[in-house]
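Report on the structure given below.
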Amino acid sequence: MPEPLRLSTDDRAVLDVLIVGAGQAGLALGHHLASRNASFLLLDAGPEVGHSWRDRWHSLRLFSPAEYDALPGMPFPAPTGDYHPSKDDVADYLQAYTQRFRLRCG
Ligand SMILES: Cc1cc2nc3c(=O)[nH]c(=O)nc-3n(C[C@H](O)[C@H](O)[C@H](O)COP(=O)(O)OP(=O)(O)OC[C@H]3O[C@@H](n4cnc5c(N)ncnc54)[C@H](O)[C@@H]3O)c2cc1C
């Protein structure tokens, strides 16, 4: 269970948006908000970004090839062609995406 997030007085004063859920949708929204210099925070009930993919069954692969699996602003790091990412590829990608765009998650 993650530690409860405690918002500072500064956070309460300056946040424009609180995003609940740091899955694909929340991270993509965070990317767009960051590009507009909005002040936001991503909140997720899970222990880490990508947890919902990490916890899926071992043999799971996306039905969509890697070249179609990217979120805005960052290609999915996989060979072109018919590579179907594993569930851990997706979890790793979501974590790398969070770090690359310095998306603040709690
Ligand atoms: C088995 C399986 C296989 C799939 N395969 C594919 C595929 O091959 N290709 C494809 O494009 N899509 C696939 N999908 C669909 C894809 O996973 C979803 O479309 C996508 O994850 C939706 O993204 P999301 O950000 O809306 O939700 P999610 O990825 O589900 O993220 C939601 C996040 O919100 C958090 N959350 C939920 N409720 C709360 C709360 N109350 N407070 C705080 N945090 C909360 C969760 O912890 C989670 O991290 C698959 C789905 C499943 C289940």
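The values are calculated or read from the model by the stated rules, or taken from the named source; none is laboratory data. This structure is a prediction, so every number in the text was calculated from the model and none was measured. Glycine also receives a Cβ, built like all others from the backbone with ideal geometry; neighbour counts cover every protein chain displayed. Quick note on the areas: whole protein, heavy atoms, side chains included, nothing else; ligands and nucleic acids left out. Shrake-Rupley method; radii C 1.70, N 1.55, O 1.52, S 1.80 Å.
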| query | For the range 41-57, does any single residue satisfy the condition of being more than 30 Å from Ser8 (Cβ to Cβ), within 14 Å of the ligand (Cβ to nearest atom), more than 13 Å from the chain's Cα centre (by Cα) and of a type in the set (A, V, I, L, M, F, W, C)? | reply | yes
| task | Any residue in the range 56-82 that's within 15 Å of Asp92 (Cα to Cα): show its pairings with residues that are loosely packed, with under 14 Cβ neighbours inside 10 Å at Cβ separation under 7 Å, as long as the two are six or more apart or on different chains. | result | Met74/Arg100
| said: If a residue must be open to solvent by 30 Å² or more (accessible area, probe 1.4 Å), part of a helix (DSSP H, G or I) and in contact with a helix residue (DSSP H, G or I) (Cβ under 7 Å, 6 or more places away or on another chain), how many such residues does the range 78-103 contain? | reply: 1
| Just wondering, is there one or more residues in the range 42-50 that are touching a Phe, Trp or Tyr at 6+ places or on another chain (Cβ under 6 Å) and farther than 20 Å from Leu7 by Cβ? | no
| remark: Looking across the range 63-77 at residues that are open to solvent by 30 Å² or more (accessible area, probe 1.4 Å) and touching a helix residue (DSSP H, G or I) at 6+ places or on another chain (Cβ under 9 Å), the single one that is modelled with the lowest pLDDT is Pro77
